[in-house]
Structures are given as C-alpha cells and as structure tokens.
Amino acid sequence: MSELDYYSLLEVERTADDKVIKTSYRRLAMRYHPDRNPNDKEAEERFKAISEAYDCLKDPQKRAAYDRYGKDAFQGGGAGFGGGFGGGSQDFSGFSDIFESVFGEFMGGGRGQARSSVQRGADLRYDLKINLEEAFKGKTIDIDIDVASVCDACHGSGAKAGSGRKTCDTCHGSGRIRVQQGFFVVEQSCPVCQGKGEVISDPCPECHGEGRCEKHKTLSVNIPAGVDDGTRIRLSGEGEAGLHGGPAGDLYIFIHVTPHQVFQRENYNLFAHVPISFTQAALGGSIHVPSLDGEQYEIAIPSGIQSGKQLKRRGAGMPVLNGRGRGDLIIQIDVETPTRLTAKQRELLEQFRETETGEECPKSSGFFSKLKTILTGE
C-alpha cells in the first residue's frame with residue numbers, strides 16, 4: 001500500500017475538527033478490522049495505518065507538529081518534538097505525557113488510574129429536503145439511516161455471552177505503561193487496553209468486541225409548521241450508540257427547503273410577483289391570489305397603480321414557528337403591456353390616444369418636457 005498522509009488515510013480534510021476525525025476513524029476501523037477481514041494482509045496494514053494516523057491527529061500537540069513538519073516531527077533528530085527526546089514515532093507521547101508523569105498526582109486522580117471504557121456515542125447529521133408547502137403545513141416524515149447501535153448479542157459489553165473482561169496483563173489494570181524516552185521515563189496509555197485497564201478475553205462474534213453493530217433504522221421526524229431553511233431538529237439518543245454501555249449520541253436533522261415556483265420567503269412573509277393587464281392597472285379592480293393554505297385572497301387594485309408597487313395582505317404568510325400568528329402575503333404588481341390586439345381593440349386605443357392631453361401620464365410627459373428644456377435651453 002502506498003504511503004498516504006494521515007488526513008488522506010482517515011478520509012478527512014486538513015481542517016476537520018476532532019469530532020469529524022473521530023467519526024471517520026471509527027467507521028474505517030470497523031471496515032478494516034482484522035476480525036472482519038481474516039487473512040487479508042492489505043486490510044490489516046490499512047487498519048494499522050489508520051490507527052497510527054488517528055493516534056497522532058487526536059492529540060492537539062502531535063497534530064500541530066505533524067501539520068508543520070509531517071512525519072519528520074516524530075523521528076529522532078527531526079525538526080519537531082521527536083528530536084529532543086530521542087524516540088521514534090511508535091513510543092512518542094509528547095509533552096502531555098511528560099507533564100502527566102511528573103505532575104499527575106497533583107492534577108487529578110493520581111498516577112496509574114485507568115481511563116473509563118464507557119464513552120458517549122458520536123452525534124450524527126442528516127440532511128432532509130422538503131418543499132415550501134411542507135414547511136408551511138408541517139408533517140411527519142420517515143427517514144432511513146444506518147447507524148452504529150448496541151449489539152443485540154452482547155448488549156454492548158463487547159464480550160461473548162458467558163465471558164467478560166479481565167485485567168490487562170500489560171499494564172496490570174492501571175491503564176498506563178512507562179516508556180523510556182531519551183533521558184526521561186514517561187507514562188502513556190497502554191496500547192493493549194487503550195488505557196482502560198481491562199481487555200476482553202473472548203470478543204463477541206457479532207460485533208468483534210466493539211459492543212456496537214451497524215443497523216438500519218427508520219425514524220419518524222416531526223416537521224413543525226413554519227420551519228425555515230437551515231432549521232436544526234434534534235432527536236435525542238438517536239445517534240451512535242455509546243461504547244461499553246455509554247449513552248448514545250444525538251441525531252441532528254438539518255432542514256433544506258427547496259425553492260418554490262411562485263413564492264419566495266423572507267422570515268415569515270411570502271412574496272410573489274403578480275402580472276396584471278394595463279386596463280386593470282388603469283381602471284383598478286381586484287384580483288384573487290391563492291396562497292399555500294389553499295385560500296383565495298382578494299387583493300384590491302387601486303386605479304392608476306404602477307409596476308413595482310407592493311400590496312400586502314396581513315396574516316396570509318408563513319406560520320410562526322413554535323408561536324402564534326402568521327406573517328404577511330406581499331405581492332408585487334407587474335403591469336403587462338398587451339402584445340396581441342384585435343382590430344377593434346387597436347381602433348379603441350387609437351381613439352384613446354387622440355384624446356390624450358399628457359396629464360394622464362404625468363411622469364412620462366414631465367420627463368420629456370424636462371429633457372427638452374435641458375437639451376434646447378428653452
């Protein structure tokens with residue numbers, strides 16, 4: 001397998017945060033775990049490589065050194081931390097281990113205390129697309145997800161039925177081991193039990209000791225009326241199952257409202273462009289505008305209305321999320337000039353033009369009078 005950098009191995013961007021890196025590592029570790037890929041040398045090497053990458057990137061100091069110097073940071077004599085402590089990357093524990101070794105008894109619990117194996121599950125994200133009508137009315141939608149859930153066979157313990165955990169022979173239950181690094185003897189997490197102080201002697205065959213299995217789940221999501229694009233809905237406990245009995249993470253539903261063909265939304269108001277004929281604009285009248293609630297709203301058109309004028313119908317917009325009332329329906333008038341005239345219509349318009357005095361359209365007559373004055377000085 002060609003050598004990849006740590007970020008590529010974990011299939012994350014260099015700007016990824018700790019949560020994204022951890023989630024990706026768990027996914028890849030389950031995929032390439034030797035128990036799931038017996039006699040597969042390439043999978044075994046991949047598992048070792050991603051474990052090495054995660055061991056580095058999960059530690060802020062190691063990650064900073066790696067970002068600056070690459071793997072040279074952990075080689076003896078390199079420009080990073082490794083050169084000053086005379087050790088290779090396999091035994092490197094950084095300044096955090098040194099300080100923990102020297103001052104650990106004063107900074108929380110004393111030296112040699114095993115780390116708890118119980119861990120909260122990761123939070124998950126689901127992107128859900130809905131249309132504006134669904135956002136207006138609200139609805140319940142079923143979604144399908146694949147998520148790491150508690151193993152039914154071992155109930156999350158990771159141990160085969162009838163067996164359990166035993167004290168780690170490497171660290172003797174402390175979760176820590178001492179490592180010689182140059183002139184220093186430092187403590188670091190036990191690589192066998194990962195700092196837990198215990199190991200599973202007989203792993204569960206279903207989950208391979210993980211305590212979790214990926215399962216397909218169908219969940220019902222309640223979309224409240226008035227929800228907007230970008231709204232986040234939290235489903236507590238529907239994320240990844242925790243390790244060894246730890247609490248499950250949460251599932252976050254991110255709402256994406258698709259554009260509507262007629263209406264545009266701004267906060268709780270609805271906007272629409274409504275074309276009317278030039279006779280309606282000149283004489284006035286009323287129009288009926290359908291809204292998302294199925295109602296036909298009558299809008300009065302004042303005589304002489306111009307293109308671009310906005311008319312408002314209060315309380316006919318979007319419902320207020322988790323509140324009372326609704327926004328407004330706002331229509332913008334677009335006066336449409338006729339493009340197809342019958343002979344009779346043309347005759348009537350010609351008669352109308354003969355009676356024009358210029359006072360019917362004061363803006364246009366005033367503009368041309370002003371322009372003539374500017375150009376001729378008269």
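The conditions of being polar (S, T, N, Q) and open to solvent by less than 70 Å² (accessible area, probe 1.4 Å) are met by Thr258. Counting only strands (runs of 3 or more DSSP E) that fall entirely inside the range 117-175 and contain at least 3 residues that are loosely packed, with under 14 Cβ neighbours inside 10 Å, the qualifying elements are 124-130, 139-150.
Within the range 290-321, the set of residues being outside any loop (DSSP other than H, G, I, E, B) and touching a Lys or Arg at 6+ places or on another chain (Cβ under 7 Å) comprises Tyr297, Ile299, Pro319.
Can Ile287 be described as β-branched (Val, Ile, Thr) and in a strand (DSSP E or B)?
So Ile287 fits the description; yes.
At pLDDT 85 or above and in a loop (DSSP other than H, G, I, E, B): is that true of Thr23 in this structure?
The answer is no for Thr23.
Scanning the range 224-250 for residues that are out of contact with any Leu (no Cβ under 8 Å at 6 or more places or on another chain) and within 30 Å of Phe263 (Cβ to Cβ) yields Asp229, Gly230, Arg232, Ile233.
Conditions (1) more than 30 Å from Asp293 (Cβ to Cβ); (2) in contact with a helix residue (DSSP H, G or I) (Cβ under 9 Å, 6 or more places away or on another chain); (3) touching a residue at least 40 places away in the same chain (Cβ under 8 Å), marked per residue:
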site	(1), (2), (3)
Gly175	yes, no, yes
Gln188	yes, yes, yes
Pro205	yes, no, yes
Gly209	yes, no, yes
Glu214	yes, yes, yes
Val221	no, no, yes
Gly226	no, yes, yes
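Out of all the residues in the range 289-297, is one or more loosely packed, with under 11 Cβ neighbours inside 10 Å and in the same structural domain as Asn269 (by the TED database)? Among the residues of the range 289-297, at least one is loosely packed, with under 11 Cβ neighbours inside 10 Å and in the same structural domain as Asn269 (by the TED database), which makes the answer yes.
On inspection, Val274 does not qualify as open to solvent by 20 Å² or more (accessible area, probe 1.4 Å), aliphatic (A, V, I, L, M), in contact with a helix residue (DSSP H, G or I) (Cβ under 6 Å, 6 or more places away or on another chain) and modelled with pLDDT of 90 or more.
The values are calculated or read from the model by the stated rules, or taken from the named source; none is laboratory data. All values reported here derive from a predicted model rather than from experimental measurement. Positions of Cβ are generated from backbone atoms using ideal geometry, with glycine treated the same way; all protein chains shown enter the neighbour counts. Calculation scope for accessible area: heavy atoms of the full protein, side chains included, ligands and nucleic acids excluded. Shrake-Rupley method; radii C 1.70, N 1.55, O 1.52, S 1.80 Å.
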